[in-house]
Amino acid sequence: MMKLSFEVNGTPCDLAEIDTRTTLLDALREHLRLTGTKKGCDHGQCGACTVLVNGTRINSCLSLAVQHHGDRITTIEGLGTPGALHPMQAAFVRHDGYQCGYCTPGQICSAVAVLAEIEAGVPSHVTADLGAAPPLTNLEIRERMSGNICRCGAYSNIVDAMAEVAGVKA
Amino acid sequence: MKFEHPAGLNPIDRLTVVGRPVDRIDGPLKTTGTALYAHERHDVAPNQAYGVVVGAAIARGRVETIDVRAARAAPGVLAVVTTLDVPRLGRGRMNYAYLFGGAEIQHYHQAIAVVVAETFEQARAAAALIRADYTPEQGRFDLAAEAGHAPLHGDGDEPVHRVGDFETAFAAAPVTLDRTYTTPDQSHVMIEPHATVAVWDGDRLTLWTSNQMIAWSKKAVADILGMPAEKVRVVSPYVGGGFGGKLFVRADAVLAALGAKAAGRPVRVALTRPLVINNTTHRPATIQRIRIGAERDGRITAIAHESTSGNLPDGSPETAVAQTKLLYAGAARMIAMRLARLDLPEGNAMRAPGEAPGMMALEIAIDEMAEALGLDPVEFRIRNDTQVDPAHPGRPFSYRDLVGCLRLGAERFGWSARDPKPASVRDGRWLIGLGVAAGFRNNLLTKSSARVELDRHGVVTVSTDMTDIGTGSYTIIAQTAAEMLGVGLEKVVVRLGDSDFPASAGSGGQWGANNATAGVYAACVRLRDAVARKLGLNATDIDFADGEVMSGDRRVPLGEAAGEGLSAEDGIEYGSLAKDYQQSTFAGHFVEVAVDAHTGETRLRRMLAVCSAGRILNPKSARSQVIGAMTMGAGAALMEKLSVDTRRGFFVNHDLAGYEVPVHADIPHQEVIFLDEADPISSPMKAKGVGELGLCGVGAAIANAIYNATGVRVRDYPITLDTYLDRLPRPA
Amino acid sequence: MKPFTYERPTTPAAAAAAVTRRPDAKFIAGGTNLLDLMKLQIETPGHLVDVQDLRLDTIEATDDGGLRIGARVTNTALASDPRVRRDYGVLARAILAGASGQLRNKATTAGNLLQRTRCPYFYDTYQPCNKRQPGSGCAAIGGYGRPLAVIGGSDACIATHPSDMAVALRLLDARVETVTADGTTRAIPIADFHRLPGDTPHVETALARGELITAVTLPKPLGGTHVYRKVRDRASYAFALVSVAAVIRPDGTGRVALGGVAPKPWRAEAAEAELPSGAKAVADALLAGARPTADNAFKLPLVERTIAAAISDARE
């Protein structure tokens, strides 16, 4: 058992006693009851648990909560609410970029991060010229979103939603 | 309401809300993570404990002893229940594997224990301390080895379905094909694993779970646990994907209930990924032989489709031959299935059971036959269209425009530019090919009920145990009620997935949309009557629009008409229209692939589906159903396969790294076109299903495109590069 | 997952000492593989030593014109570094071909080297596995072998090493720098870092207990065209069936290393002499003595075809 303090969606959180075995995902879902972050596989193989840690997207299932002492966590609940959607959330609704909704929070967290990663010049597997800034293309978006599995198969619509937010043609 | 005659004009035909591509009403909840799925129901009961299920380590035999001492003594453990603590429990009536109880092990990862603890971490650690001793028995795990002596398994009364004399007609045909195709075992792997919170209140049990079929499952829980169905409540308002894998009650629900009883606390259980794959159900593998004989002009004169699959004792076959009874003309027909006994996990329904693997085979065969005849594969299909059930020529299709799907699809996709000679188009390192296949899936009718309430603010609340598994049920039900009662969508509240609500069709077999909305239609008709009665109006001379009830010059706001509130409940039931007419849905699937000339990797470039599926209730969510199905079809064609260890009897690749499904990078932009139609024979909604249609045939379109790209015909799915690398010509 | 205690030392030697002190201790960095395995009770440490407060997260030029990559540099940071993108394209490409964006953001350079096999039998604790439980046998041999090794395996184990990054590091002749509890440092050539299974498949690297990786160094850049071709069933987020890392010079000479075929990144310097003769000669030399199973024999022709693809890519 250990103490843990971090910031979640702008709010400081102190967990007086947390089992060292608790993943960041389970700390969010079970301790803080922020169940918007989903558990799909618990092994880094689906991406449903994607959150932003200090602005960077990771799989929260493959991270111990105690490793995040002092970190700044953003979950889907921190992006927007039903009454005040984040532009990416609104674009997902408009483009029907989801079906069952279970992978959706992870897709949206990743989508927000992917646009930021392209903006920051992080290359990807499909970036043709490693010496240049990666272009914002359909192919780049698809490659970078590939860590988020949607078994319902909303991919084509998700890419449309992201392209709209990014202001490009999918 | 009994639906016995083709629908005439009704309020739905106004299409002011129905038929519009409105955003899903549950969208804001799903995109903000505020829709609550089963394992997230902290809100339904305090003091919930965590259960972890332990699976069997052998595929067949008996578990002799289970040592739970270390687990019981582990920190935080509240209860341990093992399969040896209880006699074998009952089964749901559509299931073949027993979920718990007794010593017999029928398949790998069958549940043998549940450990309940204060925290998830404690329960998981204690579960790992359980030690079981087994007496293994030799099992049968290899479909190919069992296929040769598998007995016939009829579909209905007859062991073999025959029309005319197939053998004679086939022998006489100038052009013939006789090929065997295989499809592998597949897993639903919905992203939300099976999960349940079980809460006992005395002898009453409530399960907050993830389930497609609430009424079936309420009954199944009662049967399995040996309790009256009235004491069981099943609640499932959000389902994180099902695809048939959540049609039934699974071990999570049963063991949450048993664990909760033993611990005296509410208990939450989710299955781990390996258990989702080896503990629940899967789509069984098939071996399919297809024979087609045709005249030189391309008319099919003889067609036979035989399929062998396996299952546990009492199991049923994968009905991969189903579509071949209906899809194409041909005077002489033979259809048969064989069922092998296998000791693998239970084979059962996965999205479009039967047609999904059946069309994967049949539509390659049709492509091969077209080539043998020197006909364009679109034209060959058109030439063999039938407007009647070939076995019963007096029984027409209610509506069938397969020809329209193929023609429009060919035009939109640029089919005429396709070079029919394989391996003739190259784009850099890529070999390019186009493929086509028909899509076909039956439209099934089943009764469905709902309750509709109107309050004094004019708010309409629909309650039904229908589920929304990503299909868009919430939205199309709201659209139906809004259309029927003349209110905006913002005035409609939809409550789903609770066995306390009227029983619906549920989500399966692509029957949900048409039947569930038809049930809501029926309840709304009754509510309209109640409003008319209350206002002293003639129900036949009354209109509901703009939030008002109108009759002659009289206009009454709906809320005012409701007074203290009105409620109506009714459902749809069907007469003999499904017997008098064959009801099916149709598609033309078109695909462009690129195959790496060196490595044989296949990547999809374009996909188009043109669908003939009755009235489309919401083109936005219906389109999503189709693209999702096309994506699953791409997985089936190119990568999805549960690999069987035929010595040890289990699916080896039992996680999402080993069982690959398509990711974003695999799926190009997808186009869907719905033909503008309505089928008055299907229901008052004049709609049919589309959720499975999009899957049926798309795999074969991909296979045919690979053939067009490479000249290599692959008849074994999935078409991974190792299935044909030895036949792929070396790049120049 | 077994209960464990947790600490975060602040110096490499202290971290090494912390792991040396307790036989059941392990280092944790990104955790993307270790936690995966701990949840399945494949790894069962009683104590975790988190290295996140050690610096070790910079990439610096070395005196001999190469780069020193801190052990904690994430896969994303390494693949994004302008020097790596310019001078070690094969490394950037290999990293970007692996896992997903989320995983690369978390996974570290040292952790990537230490990741364990994806053999499905290793992952199922009900199955015998000499790597997981020495002496228990190997269920993979005679079983589902499609993803497994065609060369370098033994009668005890045919697992493959899953890393893409390590294949590029092997090609580049990287060295792995370490420190032990007493402050002793050494640099292990990457060729000697991963071990073949032989009779002891559970021993996977040359590291001693408690020995901590502090950095990976790259020699000065190799001229030529850098190529990484990864062949897999789906287009992304999948382990390699076969991968080829290559640096090809304009005269047709160069280097080749393979992933997905062996228990370690697979390279044979002698085989590289065959490069001017074409892919078949290289593949034959690299895979001499291969012992594939029935369901992974396709990897042999696939290696040849993928080398041909890499040569062809380099010419473009």
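Observations on the structure shown:
- The number of residues in segment A:14-40 that are at the interface with chain B (Cβ under 7 Å from one of its Cβ atoms) and farther than 13 Å from A:Thr50 by Cα comes to 5.
- Helices (runs of 4 or more DSSP H) within segment B:343-452 that include 1 or more residues more than 30 Å from B:Pro680 (Cα to Cα) and within 22 Å of the chain's Cα centre (by Cα): B:355-373
- Lone unmet requirement of (1) over 28 Å from B:Lys686 (Cβ atoms); (2) surrounded by fewer than 24 Cβ atoms within 10 Å (Cβ to Cβ) for B:Gly433: (2)
- Of the criteria (1) charged (D, E, K, R); (2) assigned to a loop (DSSP other than H, G, I, E, B); (3) in contact (Cβ under 8 Å) with a residue 24 or more places away in the chain, which one C:Asp155 fails: (3)
- Qualifying residue in segment C:10-18 (condition: loosely packed, with under 15 Cβ neighbours inside 10 Å and not acidic (Asp, Glu)): yes
- Flag for A:Ala128 being out of contact with any helix residue (DSSP H, G or I) (no Cβ under 6 Å at 6 or more places or on another chain) and of a type in the set (Gly, Ala, Ser): yes
- A single entry from B:Leu406, B:Leu373 fulfils the requirement of being touching a Gly at 6+ places or on another chain (Cβ under 7 Å) and not assigned by TED's automatic domain parsing to the domain that holds B:Gly614: B:Leu373.
- Every residue from segment C:76-127 that is hydroxyl-bearing (Ser, Thr, Tyr), within 18 Å of C:Arg232 (Cβ to Cβ) and more than 10 Å from chain A (Cβ to nearest Cβ): C:Thr117
- Checking each residue of segment C:70-82 against the condition of being within 24 Å of C:Gly210 (Cβ to Cβ) and without any contact (Cβ under 8 Å) to a residue 40 or more places away in the chain gives at least one match.
- Residues that are among the β-branched types (Val, Ile, Thr) and more than 27 Å from the chain's Cα centre (by Cα), drawn from segment B:1-57: B:Thr16, B:Val44, B:Val52, B:Val54
- Residues satisfying the stated conditions in segment B:188-205, i.e. in a loop (DSSP other than H, G, I, E, B) and of a type in the set (Asp, Glu): B:Glu192, B:Asp203
- Selection count where residues are without any contact (Cβ under 8 Å) to a residue 60 or more places away in the chain, more than 13 Å from chain A (Cβ to nearest Cβ) and among the polar types (S, T, N, Q), scope segment C:1-57: 2
- Any hit, segment C:31-46, residues being buried (at least 20 other Cβ atoms within 10 Å of the Cβ) and small (Gly, Ala, Ser): yes
- Enumerated helices (runs of 4 or more DSSP H) restricted to segment C:244-316, each holding at least 2 residues that are surrounded by 17 or more Cβ atoms within 10 Å (Cβ to Cβ) and touching a residue at least 40 places away in the same chain (Cβ under 8 Å): C:299-315
- For segment B:646-656, filtered to residues that are in a loop (DSSP other than H, G, I, E, B) and not hydroxyl-bearing (Ser, Thr, Tyr), the residue that is farthest from C:Leu40 (Cα to Cα) is B:Arg647.
- Check on B:Glu692, touching a residue at least 24 places away in the same chain (Cβ under 8 Å), within 14 Å of chain A (Cβ to nearest Cβ), over 29 Å from B:Ala578 (Cβ atoms) and among the acidic types (Asp, Glu): no
- Among the residues here, C:Val231 does not qualify as under 15 Å from the mean Cα position of the chain (by Cα), of a type in the set (Val, Ile, Thr) and within 20 Å of C:His161 (Cα to Cα).
- Selection over segment A:1-49 of residues that are part of a loop (DSSP other than H, G, I, E, B) and at pLDDT below 95 gives a count of 1.
- Qualifying positions in segment A:99-123 - assigned to a helix (DSSP H, G or I) and within 7 Å of chain B (Cβ to nearest Cβ): A:Thr104, A:Pro105, A:Ile108
- Top-ranked residue of segment C:228-241 - restricted to ones that are in a loop (DSSP other than H, G, I, E, B) and more than 12 Å from chain A (Cβ to nearest Cβ), ranked as surrounded by the fewest Cβ atoms within 10 Å (Cβ to Cβ): C:Asp233
- Within segment C:130-169, tally of residues that are in contact with a His (Cβ under 9 Å, 6 or more places away or on another chain), farther than 14 Å from C:Val261 by Cα and buried (at least 22 other Cβ atoms within 10 Å of the Cβ): 4
This table checks each residue for (1) facing chain A (nearest Cβ under 7 Å); (2) among the aliphatic types (A, V, I, L, M); (3) in a loop (DSSP other than H, G, I, E, B).
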{"position": "B:Gln625", "(1), (2), (3)": "no, no, no"}
{"position": "B:Met632", "(1), (2), (3)": "yes, yes, no"}
{"position": "B:Ala637", "(1), (2), (3)": "no, yes, no"}
{"position": "B:Gly658", "(1), (2), (3)": "no, no, yes"}
{"position": "B:Asp676", "(1), (2), (3)": "no, no, yes"}
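- Inclusion of B:Thr32 among residues that are among the hydroxyl-bearing types (Ser, Thr, Tyr) and either free of Cβ contacts under 8 Å to residues at least 12 places away in the same chain or closer than 28 Å to B:Ser448 by Cβ (or both) is warranted.
- Among (1) β-branched (Val, Ile, Thr); (2) in contact with an Asp or Glu (Cβ under 6 Å, 6 or more places away or on another chain); (3) part of a helix (DSSP H, G or I) - the single one B:Val254 does not satisfy: (2)
- Between C:Val216, C:Val179, C:Val244, C:Val256, the distinction of being within 14 Å of another protein chain (Cβ to nearest Cβ) and touching a strand residue (DSSP E or B) at 6+ places or on another chain (Cβ under 8 Å) belongs to C:Val244 only.
- Residue match in segment C:86-93 (condition: within 18 Å of C:Thr58 (Cβ to Cβ) and either surrounded by fewer than 24 Cβ atoms within 10 Å (Cβ to Cβ) or of a type in the set (Lys, Arg) (or both)): yes
- Scanning segment B:672-686 turns up at least one residue that is without any contact (Cβ under 8 Å) to a residue 24 or more places away in the chain and surrounded by fewer than 24 Cβ atoms within 10 Å (Cβ to Cβ).
- Segment B:1-85 holds strands (runs of 3 or more DSSP E) entirely within its bounds, and those carrying 2 or more residues that are of a type outside the set (Gly, Ala, Ser) and within 13 Å of another protein chain (Cβ to nearest Cβ) map to B:49-55.
The values are calculated or read from the model by the stated rules, or taken from the named source; none is laboratory data. The structure displayed is predicted, hence computed values, not measured ones. FYI the Cβ positions are ideal-geometry reconstructions off the backbone, even for glycines, and counts take in every protein chain you see.
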